[in-house]
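See below for the structure under consideration.
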Amino acid sequence: MRRVAEELGTGAASLYAHVADKDELLAAVYDRVFADIDVTVSPHPERWAEQIKDFARRQRAALAAHRDLARVGLGSIPTGPNALRAMEAMLSVMDAGGIAPQKISFTGDLLAQFVNASVYEDSLFQSRFDRNRSFHEWTQQMQDVIASLPADRFPTIHRLAPALFDPGEGENERFEFGLEVIIQGLAATMAKPRPARRNRS
């Protein structure tokens, strides 16, 4: 709080006239980032899956521009005006897609966790590599650790080692895979037939 006050040319005590504490200040900053996300959407019953993925990508891109700010969204439900507009847009897409209300609730929560955790973890890795070593050096170290493991006790790890540390197309490919798993999983639950009612006569 003192550092923010210095940047604004005032005292820390002056900030408390506007925010209660550091957490409230961070929540306000987090909500401000949501103002940069285009939440304009025309919910389409047949395009709900792609619309959700597009929205998740936009949210991730906006948060990624601010390094570890995504941690603010973990373990909380943002209620700022910009976050609420984003929530309304996301919920309207899922509702138009015919998703049951309870599943909309769970999916909204799951997607928020996934996006925030993805961005936050990426910022932690990036910070670590910036300070100490490159991603290549870290990967090589992990491969050396696996190579030192007894193959008879860890045969699967040894066999899958090349794939475990293959960066592929980078963090974006990893994010897209997780996003696809979530959306396809949701679609699968929607496709399940309801159990038949028992005839009590």
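The values are calculated or read from the model by the stated rules, or taken from the named source; none is laboratory data. A quick note: this is a predicted structure, and the numbers were derived from the prediction, not measured. Note: ideal-geometry Cβ built from the backbone for every residue, glycine included; neighbour counts use all protein chains shown.
Residue by residue, here is whether (1) in contact with a strand residue (DSSP E or B) (Cβ under 8 Å, 6 or more places away or on another chain); (2) part of a helix (DSSP H, G or I); (3) surrounded by 13 or more Cβ atoms within 10 Å (Cβ to Cβ) holds:
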{"site": "D54", "(1), (2), (3)": "no, yes, yes"}
{"site": "G75", "(1), (2), (3)": "no, no, no"}
{"site": "N116", "(1), (2), (3)": "no, yes, yes"}
{"site": "H136", "(1), (2), (3)": "no, yes, no"}
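Could you go through the range 124-131 and let me know if any residue there is under 26 Å from R58 (Cβ atoms), modelled with pLDDT of 85 or more and part of a helix (DSSP H, G or I).
yes
Can you name the residue in the range 85-120 that is without any contact (Cβ under 8 Å) to a residue 40 or more places away in the chain and touching an Asp or Glu at 6+ places or on another chain (Cβ under 9 Å) and is also nearest to P43 (Cα to Cα) among such residues?
Here the answer is I104.
Could you grab the pairs with beta carbons closer than 9 Å, sequence gap of 6+ or different chains, first residue in the range 179-190 and in contact (Cβ under 8 Å) with a residue 60 or more places away in the chain and of a type in the set (A, V, I, L, M, F, W, C), second one loosely packed, with under 12 Cβ neighbours inside 10 Å and not in a helix (DSSP H, G or I)?
Final answer for the pair search is M190/G98.
Filter the range 27-56 down to the residues that are farther than 14 Å from I183 by Cα, in contact with a Gly (Cβ under 9 Å, 6 or more places away or on another chain) and among the charged types (D, E, K, R) and list them by number.
D31, R32, listed by residue number.
Take the residues of the range 154-167 that are exposed (fewer than 11 other Cβ atoms within 10 Å of the Cβ) and modelled with pLDDT under 90: which is farthest from A49 (Cα to Cα)?
Among residues in the range 154-167 that are exposed (fewer than 11 other Cβ atoms within 10 Å of the Cβ) and modelled with pLDDT under 90, the one farthest from A49 (Cα to Cα) is P162.
Of all residues in the range 34-52, which are in contact (Cβ under 8 Å) with a residue 60 or more places away in the chain and surrounded by fewer than 19 Cβ atoms within 10 Å (Cβ to Cβ)?
Within the range 34-52, just A49 meets the criteria.
Go through the range 1-41 and tell me which helices (runs of 4 or more DSSP H), entirely inside it, have 2 or more residues that are among the small types (G, A, S) and modelled with pLDDT of 90 or more.
In the range 1-41, 22-34 are the helices (runs of 4 or more DSSP H) which contain 2 or more residues that are among the small types (G, A, S) and modelled with pLDDT of 90 or more.
Under 9 Å between Cβ atoms, which residue pairs at least 6 apart in sequence (or on different chains) link something in the range 140-160 that is β-branched (V, I, T) with a partner that is surrounded by 11 or more Cβ atoms within 10 Å (Cβ to Cβ) and outside any helix (DSSP H, G or I)?
That search, which allows pairs on different chains as well, returns I146/F154; I146/F165; I157/L149; I157/A151.
Would you check if A151 is surrounded by fewer than 13 Cβ atoms within 10 Å (Cβ to Cβ), over 30 Å from M190 (Cα atoms) and at pLDDT 85 or above?
Answer is yes for this residue.
Looking at (1) closer than 23 Å to S76 by Cβ; (2) surrounded by fewer than 14 Cβ atoms within 10 Å (Cβ to Cβ), find the lone condition where A17 falls short.
(1)
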